[in-house]
Amino acid sequence: MSMLTRREFLQAAGGAAMSRTMVHRAPFLAQGAVTAQAMNSEGIHSGASAPIQSLIFPAPREISISENDFVLDDQVRIVIPSNASEEDLFLANSLVNEIGDRFGLYLKIDRVENLDTQQRFILMGSRSNSLLGQCYSHLALSKDDDSTVPEGYLLRVEKNIVFVAGGDDRGVFYGMQSLRQLLISQDSRLYFKGVHIRDWPDKSFRGIYLFLPGRDNIAFFKRFVRDYMALYKFNTLIMEMGASMRLDKHPELNYGWVQFARDANYSCRNYPPGPFHDVEQNSSHQDTADGGFLEKEEVADLARWIKKHHIELIPEIASFTHSYYLLTRQKELAAVPENKWPDIYCPTNAKSYSLVFEVYDEYIDLLKPKSIHIGHDELFLPVGASPHCADTDIGELFGEDVCKIHDYLAAKGIKTQLWGDMLLESVRGVGLKKHVSPDGWTYQTPGGMTPEQVERLIPKDCLIFNWFWNKEEGSESDAEANEATLDKMGFQQVFGNFTPDMKNYETRKKRTTLLGAAPSSWAATNEFNFGKDLMINFLGSSSILWTGQVMQPDALIVQVQSMLPDVRGRLSGITPPSITEKVITPFDISERFNADHKLTSLGIDLPDLKTAVIYLQKVPFDLKLANGRSAIAVGVEGKGSSGLPGVTGISIGEAVSSLIFLHAAARPATSKESFRLIWDQQDTADLLGWYEVAYEDGFVTTIPIRYGVNILEWSWGKKTGAHSYCYGADALPIGRHSDSDATFFAYEWINPRLGKVIEEIRLKGTKGFRGGSNDFNNSYGPVIESNAVILKAVSGVRKRS
């Protein structure tokens with residue numbers, strides 16, 4: 001385990017394992033059919049048939065249905081005290097915007113001294129809100145009914161009152177997040193579902209680790225904070241910074257960072273070119289801020305936004321290890337100066353700390369953080385290549401470095417956090433480890449610090465991120481013993497690189513020094529990466545850390561896939577035409593059918609499928625059978641032959657607002673993590689083919705068909721080894737019989753040229769596509785297996801008359 005990296009661990013422990021878990025998904029398919037019927041014209045779940053446990057995510061500790069729903073109209077008021085606090089105003093305005101932006105009903109906010117119980121109103125506040133006592137009395141509640149646990153809340157939805165009370169500001173804020181999820185539109189009626197809730201979190205540290213977004217993804221990032229992290233009750237954001245903010249004292253680092261990112265990406269490498277003897281370097285993270293840097297004003301604005309949503313921002317500013325950003329223009333400080341892009345500074349050079357602290361100070365002055373994460377993982381220093389470290393105990397240097405940075409931060413009232421792998425010999429090994437480079441050079445890397453060194457050198461108020469909580473197959477490291485060792489050493493810890501399939505979590509969480517956990521994103525902060533890779537990890541972690549209960553993999557996948565239409569709408573900021581428009585009709589594509597239920601060359605035999613018009617929400621699909629054929633199948637030529645045509649054309653002849661394709665892959669493919677191809681992240685999701693949209697004026701645009709992004713295999717409901725969910729398309733069961741596992745995926749493409757007539761669509765399959773590698777290297781993976789895209793139906797949203 002001595003050379004194991006965080007991302008290799010993530011693959012072994014959870015991220016990849018979760019996406020390949022053996023799950024029979026029939027329960028979701030049945031639920032999906034019911035859900036589709038229960039959706040209204042705005043696409044909001046009616047709640048009529050939803051079980052009470054699924055109304056809110058993560059599930060509340062205590063929830064029951066009240067006698068009446070609270071109907072929303074223009075007579076409803078949101079009431080705040082006459083001396084309302086800034087937080088009272090923020091909550092009220094947030095709810096006004098939530099309801100108004102989605103449904104056009106903008107409620108009025110009234111400042112009042114006393115509650116008018118004859119009026120229908122919404123009241124939200126913490127114990128400092130002077131109106132809460134009156135509402136407690138009116139509802140005959142004890143003030144102790146709201147949880148005294150930090151971040152806990154009480155929520156009651158009655159016929160004439162919506163009441164959200166929190167023991168603190170975070171508590172009422174999370175109560176409002178639950179209220180947002182109770183908003184239902186059905187049959188021209190807008191209301192909050194009637195419930196009584198008492199709720200509080202299991203863990204106090206509920207985080208996500210991610211990269212600072214690039215400028216083009218700031219809007220997405222703000223939606224992610226407001227409509228995902230806050231909505232699902234995360235309270236901590238660890239953000240990797242590097243030189244991705246303009247540094248006034250060291251602008252050369254910004255320039256160097258951009259050159260570093262370009263060199264890695266334009267060389268088509270995950271790791272930088274030119275390492276000494278081609279020795280392994282990793283965690284270059286050149287997609288932080290999309291390979292650029294933000295102005296200080298932009299970073300400050302993000303910090304304000306994060307804080308406003310009750311999330312603590314912890315900047316991760318790596319030092320000692322993974323310090324590429326510090327050394328791009330300061331190579332004289334490198335431990336191994338022969339590297340083209342050094343990643344470890346020399347801790348024996350005092351000038352290293354002058355640079356580190358000047359960079360830290362710029363972030364501290366701007367962000368005023370309570371804590372800073374200093375990195376310090378994966379010390380793969382080739383000891384003999386370092387002119388000043390070759391004869392020095394690296395454990396001593398490592399510990400002295402941590403202590404020096406800790407003391408500098410502590411003098412400013414800032415706590416230190418770091419990755420903990422180098423503190424344990426059980427993780428990094430004992431003493432120096434021998435390695436041979438690709439060119440035959442023999443070198444040694446350091447093992448972990450000795451227990452004596454940790455006791456003597458590492459301050460015990462450091463918060464340790466434990467990413468080695470899972471036993472890697474073949475490893476001698478005992479995962480549970482690792483966290484026990486950190487405990488005995490006197491540290492508090494959180495599980496880093498967390499995934500929701502941790503073994504024995506419900507017992508391990510009882511350790512009093514375990515504060516919580518944080519899943520990680522190790523690729524650029526954008527919707528594509530988060531959507532295809534991280535919904536299971538993020539939402540599963542939210543549930544575990546709030547409820548304290550582990551969701552079984554099949555139940556979690558069911559839950560996540562059912563949530564994705566709403567998640568997708570919030571994260572993209574786009575409401576598709578199928579939600580807002582009334583006229584949606586199927587196209588007759590049967591004259592291009594070329595396949596029946598068997599694709600003999602691929603060994604595929606589909607079960608009996610429906611042959612009627614069926615609906616997903618309000619989108620109709622015409623599942624015709626014509627001359628014994630029921631679909632269009634186009635080959636994906638990879639290893640072996642598909643035996644199918646590579647292209648087919650489908651007549652449209654209309655100017656539509658959007659097209660909805662009902663399609664599936666013949667076989668499972670792969671969607672690897674985006675960090676497998678940092679320079680080409682889109683292609684980490686296997687490209688099976690594309691639709692060419694040909695307009696009557698000759699212009700052609702394309703729609704990629706990517707596995708796990710907008711398509712999965714038809715047998716997704718029963719097979720193993722498949723991607724867990726499809727972020728960009730919705731599952732629709734189309735088997736003729738209830739026990740027939742056949743699922744196709746409805747993907748809506750919005751026409752970028754509204755009013756332009758689409759002459760035809762051409763479905764094409766790829767040839768010899770290579771995506772991401774299973775290994776952590778600098779190359780594409782092998783050619784994918786041959787496959788097919790099966791198109792069952794196409795429907796269109798007509799333009800308004």
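Every number in this text was worked out from the coordinates using simple rules, so none of it is lab data. These numbers were taken from a predicted model, which means no experiment stands behind them. Cβ coordinates were reconstructed from backbone atoms using ideal geometry, including for glycine residues, and neighbour counts include every protein chain displayed.
Among N778, G653, V789, pick out the residue whose Cα is farthest towards the positive end of the charge dipole of region 575-798, where Lys and Arg carry +1 and Asp and Glu carry -1 on C-beta, about the Cα centre.
V789
Scanning the chain for chymotrypsin sites (Phe, Trp or Tyr not before Pro) in DSSP loops with at most 14 other Cβ atoms within 10 Å, what's the longest stretch left with none?
Longest gap between qualifying sites, sites excluded: 107-698.
Only four residue types carry charge here, +1 at the Cβ of Lys and Arg and -1 at the Cβ of Asp and Glu. Report the dipole size of region 502-652 about the Cα centre in Debye, rounded to the nearest 20. Please report the intermediate quantities before stating the final value.
On the way: 16 positive and 13 negative charges, 131 e Å.
That gives region 502-652 a dipole magnitude of about 640 debye.
Report, in whole Å, the centroid distance computed from the Cα atoms of region 700-767 and region 428-490.
45 Å
Rounded, prolate or oblate: which one fits region 255-298, using the alpha carbon gyration tensor with axes a ≥ b ≥ c (rounded when a/c is under 1.5, else prolate when a/b beats b/c, else oblate)?
Prolate.
State to the nearest 20 debye the size of the charge dipole of region 480-558 about its Cα centre, where the only charges are +1 on K and R beta carbons and -1 on D and E beta carbons.
Details: 7 positive and 8 negative charges, 52 e Å.
Dipole about the Cα centre, nearest 20: 260 debye.
Cross-link list K404/K672; K222/K404; K331/K434; K296/K471; K368/K471: which exceed 31 angstrom alpha carbon to alpha carbon?
Checking Cα-Cα distances, K404/K672; K222/K404; K296/K471; K368/K471 exceed 31 Å.
Count neighbours as other Cβ atoms within 10 Å of each site's Cβ, and list the GluC sites (Glu not before Pro) in region 524-627 that are DSSP loop with at most 13 such neighbours.
Sites meeting the loop and neighbour criteria: none at all.
For region 132-242, what number results from the quotient of the Cα radius of gyration and 2.2 N^0.38 Å?
Taking N as the residue count of region 132-242, the ratio is 1.28.
Classify region 568-645: rounded, prolate or oblate, from the alpha-carbon gyration tensor (a ≥ b ≥ c, eigenvalue square roots; a/c under 1.5 rounded; otherwise prolate if a/b is larger than b/c)?
oblate
Can you give the helix-only mean residue ellipticity at 222 nm for the chain, where every DSSP H stretch with n ≥ 4 adds -39500 (n - 2.57) and the sum goes over all residues, rounded to the nearest 500 deg cm²/dmol?
Numbers: 20 runs with 208 residues, N = 801.
Result for the chain: -7500 deg cm²/dmol, rounded to the nearest 500.
Using a ≥ b ≥ c from the Cα gyration tensor of region 58-204 (square roots of the eigenvalues), is it rounded, prolate or oblate, where a/c under 1.5 gives rounded and otherwise the larger of a/b and b/c decides, a/b for prolate? Each step should come with its number before you reach the end.
Numbers: a/c = 1.40, a/b = 1.16, b/c = 1.21.
The shape class here is rounded.
Arrange T702, T684 by Cβ neighbour counts within 10 Å, fewest through most, would you?
Final ranking by Cβ density, sparse to dense: T702, T684.
Give the cross-link partners of K799 among the lysines, using a straight C-alpha distance below 19 Å as the criterion and excluding same-chain residues fewer than 8 apart.
Hits, sequence-local ones excluded: K582, K618, K756.
To the nearest 20 debye, what charge dipole does the chain have about its Cα centre, counting +1 at the Cβ of each Lys and Arg and -1 at the Cβ of each Asp and Glu?
Charge dipole, the chain, about its Cα centre: 1580 debye, nearest 20.
Which trypsin sites (Lys or Arg not before Pro) does region 289-378 hold that lie in a coil by DSSP with at most 14 other beta carbons within 10 Å?
K340, K370
If you average the alpha carbon positions of region 541-588 and of region 75-114, how far apart do those two centres end up, in angstrom?
Region 541-588 and region 75-114 have Cα centres spaced 28 Å from each other.
Looking at Y191, L131, L91, which one has the Cα that reaches farthest to the positive end of the dipole of region 52-199 (charges on Cβ: Lys, Arg +1; Asp, Glu -1)?
It is Y191.
For L463, which sequence-distant residues (separation of 5 or more, or a different chain) have an amide H within less than 5 Å of its own amide H, given hydrogens modelled in the peptide plane?
T416, Q417, L418
Post the alpha-carbon centroid distance, region 522-539 to region 204-232, in whole angstrom.
11 Å
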